[in-house]
Amino acid sequence: MHKVCTKPTSDCTLHLISRRFSVSVPASSPVFATRLHHRHTSVFCRPGSRPDSRLSRPVATTAGIPKRHLQIQTAAMSSSSTSTPQPAALSAEERAALVEKSKRAAAYQAVRDYLQPTFRHVGIGSGSTVVYVVEAIAAQGPSVTAPMLFYPTGEQSRRLILAAGLRLAYVQDLPAGTALDVAFDGADEVDEHLNLIKGGGACLTQEKIVASSARRFVCVADFRKRSARLGTAWRQGVPIEVLPMAADRVLAELRHLGSATARVRPGLPGKAGPIVTDNGMLIIDAPFPPLLLPGDEGVAASGKEGDGADGIWTVDALAQRLINIVGVAEIGLFHGKNGDEVAMGAQKPVAAYFGMEDGTVEVLKAKASA
């Protein structure tokens, strides 16, 4: 049976049916749909409207698939040619303000749900959403936060903790056998099984150490970061932290695995040369076609568990293959178990909070273990 997942956007609804994505409008509405189709992606929209910006990026037409696999189809879904009036498009400034508002709403809700007054050790991640996480924590007041220690993933979160008047500590000083009570962090992309791509800010190793040191990891993001499959919206590729001397060898191996455009992340425009991490390493960004989940059509049909044939991978298979490349220090795929399944060492969040365009917050929680 095919799995179906839905996600509302401003103009339409995102569905996943097996390995095929579609954006559709209600059948009862008079519409004329233009369908952009290949074996991974289909997009339907109302006449006179544009897809959400996340769906109008090259992901809707490429995803690493040869152009010969693409075709344009048009389908008349009603004899009526009447179009529904569309709201005025937001300016760039209004769109940016909407995104920030959604991040803030998600952060405050996540902190309300997962920060308990009895907690003593709290992990703080990196990125733009974490700004609002720290703000929400500080808003609890000294009566709640004074007994707590806060553990950063990098310089940004260290400064946020100090600026908020919270007590700073470092994960390397955490006593043996002691876990963080909770860790809050963002993500570059989240799939429907709560696998993550992280590392857009080049802090992926520290982020994974802090997340896996927590009893529960909670992801906070905005509506743009939610996808049915990793690699759908985040097209920059899987971030991989590598030793500088191994970079060329790792790039060659990645191309062999199906990432034809993998490259060392440049520092431009702010810095000449490549990005250098806090650990003195380089970041390689390795794009792959959207990563499958167990039970997807391609996995079941091949019987090979998405092992990279034709460049198609499952999240878990690719993660295992990447981390085993000599010279790779860490990868930006957070996968495997969550904190409700194992006591320590989980990489996946127990919940992801998404601030939506309409001001609401949607929560995606981990499914109970079978």
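All of the numbers you see were taken from the coordinates with simple rules; none came from a lab. Nothing here was measured: the structure is a model prediction, and the numbers come from that model. No Cβ is skipped: glycine too gets one built from the backbone with ideal geometry, and neighbour counts run over all protein chains shown.
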Using the alpha-carbon centroid of each, what span in Å lies between the range 226-295 and the range 142-211?
-> 23
For the range 238-331, go through all pairs of different Cα atoms, get the mean of 1/r, take its inverse, and jot down that Kirkwood value in Å.
-> 13.9
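Give the peptides 128-136, 243-251, 191-199 in descending order of average Cβ contacts within 10 Å, highest first. If you can, show how the numbers build up before the last one.
Values: 128-136: 21.7, 243-251: 15.7, 191-199: 25.1.
Packing proxy ranking, top to bottom: 191-199, 128-136, 243-251.
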With 0.36 nm assigned to each residue of separation and the Cα-Cα distance removed, Asp307 to Leu168 gains 45.8 nm
Quick one: of Lys101/Lys271; Lys198/Lys367; Lys101/Lys337, which pairs are farther than 25 Å apart, Cα to Cα?
-> Lys101/Lys271; Lys101/Lys337
Cβ-based exposure ranking for Phe354, Phe184, in which fewest neighbours within 10 Å come first = Phe354, Phe184
For the range 119-129, 3J(HN,Hα) per residue [Karplus equation, 6.51 cos²θ - 1.76 cosθ + 1.60, θ = phi - 60°, Hz, x = Gly/Pro] = 5, 10, 10, 10, x, 10, x, 10, x, 5, 6
What ranking of Glu94, Glu189, Glu253 emerges when the number of other C-beta atoms within 10 Å of each C-beta is taken as an exposure proxy, fewest first?
-> Glu94, Glu253, Glu189
